[in-house]
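Step one of this worksheet: look at the structure below.
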Amino acid sequence: MKKTVHSDSSYEKERRLMDAVTNVPDDLISEAEYPDFGKENGRGKNAASILRPAGKWRRITAAACAVLFLGAGIFLAVRTAVPPLSGSSSAAPLVQVSMPDTYEFSDFDTERSIREANPVSEDFTEAIRNFSYETASALLSRSRDNLNYSPLSLYYALALTASGAGGETQEELLSLLGMDNAEDLSLQCGNLYRLLYLENEIGSQKIASSLWMDDSIQLKQGFLENAARNFYAESFSMDLQAQETAEAMAHWIAGQTEGTLTPSFTPDSQSVLSILNTVYFHDEWVTRFSESRTEPDSFYLADGSSVSCDFMNQTFGSASFSVGNGFTRASLGLKNGGRMIFILPDETISPQELAATPERLQEAFEGGEDYSGEVVWQIPKFRFSSAMNLNEMLQAAGIDSAFGGDADFSEITDYDIWISGITQETCIGIDEKGVEASAFTKIDYAGAAMPEGRAEMILNRPFLYGIVSSEGSLLFAGIFETPA
């Protein structure tokens, strides 16, 4: 029997400890220049209204979103002419889904019941970890600019695609995804989805999928049912060559990402199916950064020049950090149990060198020697977007037949289709405003060792970062080269 990746007792202990240390009375916290968001920032507040362009990054402490387009996105094109189906196109979904149960921030009983009902195997966890580092290394090691990438979004989109593939096409996809068969892959994706899905008064962590098929073809019922059951994918039948459909797809993406992504699509005359996947995430720092301590300083670029930008500043008297071959790593806690990891290369090392191979990148994110002591933070405020075509990276990783004449998607449809393009767009932003109702100025760990050293996380030169869920999934990985 496969082991599961969680321990309820240890997890609940960690969450209760986090809840305790973050519920510090507001009168003990300096409120210099910190807006009073009040109760309207709770569950009843429409997040989209907060994220409109004028105040888009005003509230979010760590916000990130990604969308994988499989059609603008996985573009699936058809090789043979097909007759139109009778009836008219409709923007209403053919298959509607209900989102999984979620829980309030301190509802540990519901959280535990969800975890017990959705076991995730260690093999699946390892498969996602290996996929994340392999694909992130291929992208980050070649980037010379800011880049934000969601390995989880790509994994889910390819897993849904693999569930409808056959023959060599499916074998290649399963090999990259690290799973032996499509059935187990779908079941594990469903369990992890329900564990990750989160929307409460503190933050959101949501994955969404949808299938957009041209009204000239039909998809197989088994594929649609599995897509809805394990990937929570809505299905639409429309004229994919119509501009209205392109606008409807963009509108769906904007809705799933709280308005942070508003793509523009141009209809493709060959496209017959688009698979869209989005990942939206926002959460609050366990310990806020005081706006009164944010001040301009120099950020040193890779070419030796420098630019001025605003840096957030904070010092923890006792916190953990790691030192490895060519890097120092530390993380900032998020209230729903996740973390944002920052990896500062040594002065003679570039972020690209740390990402040169999957093994080197994993070492930067997970390796090194652990210490406990004072950690001094200086982090640039930033927000930026990325857009990537992923065809070449995936072909280099062994996905070959899916893009050509040998593609086998016979479990999706009887029509002869293949992938014509895979792209991903992301956005990310961080600022000081993390904890609204409670925060404190340092983190003390019960039972921690005596301070062993000091880490200066002075992020004033190019660095790597990642956002990790409470389950350990790498939601986002990125490289920061220059203030936007």
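The values are calculated or read from the model by the stated rules, or taken from the named source; none is laboratory data. Not measured: the values here are computed from a predicted model. Positions of Cβ are backbone-derived with ideal geometry, glycine not excepted, and every protein chain shown enters the neighbour counts. Just the protein is used for accessible areas: all its heavy atoms, side chains included, with ligands, DNA and RNA removed. Shrake-Rupley method; radii C 1.70, N 1.55, O 1.52, S 1.80 Å.
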**OP:** List every residue pair whose Cβ atoms sit under 9 Å apart, with the two residues 6 or more apart in sequence or on different chains, where the first one lies in the range 289-316 and is open to solvent by 20 Å² or more (accessible area, probe 1.4 Å) and the second, anywhere, is part of a loop (DSSP other than H, G, I, E, B) and basic (Lys, Arg).
**Re:** GLU291/LYS433; THR294/LYS381; TYR300/ARG461; LEU301/ARG461; ALA302/ARG144; ALA302/ARG461; ASP310/LYS381; THR315/LYS442
**OP:** Identify all residues within the range 357-389 that are under 20 Å from LEU158 (Cβ atoms), modelled with pLDDT of 90 or more and open to solvent by less than 20 Å² (accessible area, probe 1.4 Å); write none if there are none.
**Re:** LEU361
**OP:** Identify the single condition in (1) more than 21 Å from GLN362 (Cα to Cα); (2) under 21 Å from the mean Cα position of the chain (by Cα) that LEU176 does not satisfy, given that it satisfies every other one.
**Re:** (1)
Subject >> Those strands (runs of 3 or more DSSP E) lying entirely in the range 393-467 with at least 1 residues within 24 Å of PHE281 (Cα to Cα) and either open to solvent by 10 Å² or more (accessible area, probe 1.4 Å) or at pLDDT below 85 (or both) >> reply: 423-430
**OP:** List every residue pair whose Cβ atoms sit under 7 Å apart, with the two residues 6 or more apart in sequence or on different chains, where the first one lies in the range 185-198 and is open to solvent by 10 Å² or more (accessible area, probe 1.4 Å) and the second, anywhere, is assigned to a helix (DSSP H, G or I).
**Re:** LEU187/ASN230; GLN188/PHE124; ARG194/ILE114; LEU195/ILE114; LEU195/ARG115
Subject >> Verdict on PRO263 being within 23 Å of the chain's Cα centre (by Cα), open to solvent by 10 Å² or more (accessible area, probe 1.4 Å) and not hydrophobic (A, V, I, L, M, F, W, C) >> reply: yes
Subject >> Residue tally, condition in contact with a helix residue (DSSP H, G or I) (Cβ under 6 Å, 6 or more places away or on another chain), in a helix (DSSP H, G or I) and either open to solvent by 30 Å² or more (accessible area, probe 1.4 Å) or touching a residue at least 60 places away in the same chain (Cβ under 8 Å) (or both), over the range 140-157 >> reply: 1
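Please specify each residue of the range 170-181 satisfying the condition of being of a type in the set (A, V, I, L, M), part of a helix (DSSP H, G or I) and either touching a residue at least 24 places away in the same chain (Cβ under 8 Å) or open to solvent by 20 Å² or more (accessible area, probe 1.4 Å) (or both).
Start the filter on the range 170-181 by keeping residues that are of a type in the set (A, V, I, L, M), which leaves 173-174, 176-177, 179.
From what is left, the residues that are part of a helix (DSSP H, G or I) are 173-174, 176-177.
Within the range 170-181, LEU173, LEU176, LEU177 meet the criteria.
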**OP:** Please determine, by comparing only the residues of the range 332-356 that are touching a helix residue (DSSP H, G or I) at 6+ places or on another chain (Cβ under 8 Å) and part of a strand (DSSP E or B), which one is surrounded by the most Cβ atoms within 10 Å (Cβ to Cβ).
**Re:** ILE343
**OP:** Starting from the range 249-262, keep only residues that are free of Cβ contacts under 8 Å to residues at least 60 places away in the same chain, then list their pairs with residues that are outside any helix (DSSP H, G or I) whose Cβ atoms are within a distance under 7 Å, requiring at least 6 positions of separation or different chains.
**Re:** ALA250/THR262; ALA250/PRO263; ALA250/SER264; ALA250/PHE265; TRP252/SER210; TRP252/LEU276; ALA254/LEU261; ALA254/THR262
Subject >> strands (runs of 3 or more DSSP E) fully within the range 218-308 counting 1 or more residues that are under 19 Å from LEU154 (Cβ atoms) and modelled with pLDDT under 85 >> reply: 271-283
Original post:
For the range 201-209, does any single residue satisfy the condition of being modelled with pLDDT under 95, more than 14 Å from the chain's Cα centre (by Cα) and surrounded by fewer than 20 Cβ atoms within 10 Å (Cβ to Cβ)?
Top reply: yes
